[in-house]
């Protein structure tokens, strides 16, 4: 006979400090307007920035671990993770600088901005 252990109740919130840690990581990885030209050829940096932003949204206190699947934060996280994956795969490139003329062919202008972190 196989014994079944009772399951502990699922936590109703994210671990203490996780949202603040994610926000701090996002702040460290955010590419500023002044840094964009220096880092535009480094898709892994852009992907890391996007993944950190996704984590900030996912760990938002308004999006507890047991929240329904269609929360705004979860949908935003999914979009940022997909965007980061596109940067890593090379299907997204520098969208170009509005002050310097048209974007490069194949560039995604929407990829240049992040939603504001909570």
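Every read-out reported here was derived from the displayed coordinates using simple, explicitly stated rules and does not represent laboratory data. All values derive from a computational prediction rather than experimental measurement. So basically every Cβ, Gly included, is an ideal-geometry build from the backbone, and we count neighbours across all protein chains shown.
Among 56-67, 15-26, the peptide with the highest mean count of other Cβ atoms within 10 Å heads the list, and the full ranking is 56-67, 15-26.
Ranked from largest, the principal axis spans of the Cα set of segment 34-82 equal 40, 18, 12 Å. The simple spin-label model puts a point 7 Å past each Cα toward its Cβ; for residue 70 and residue 29 those points are separated by 2.9 nm.
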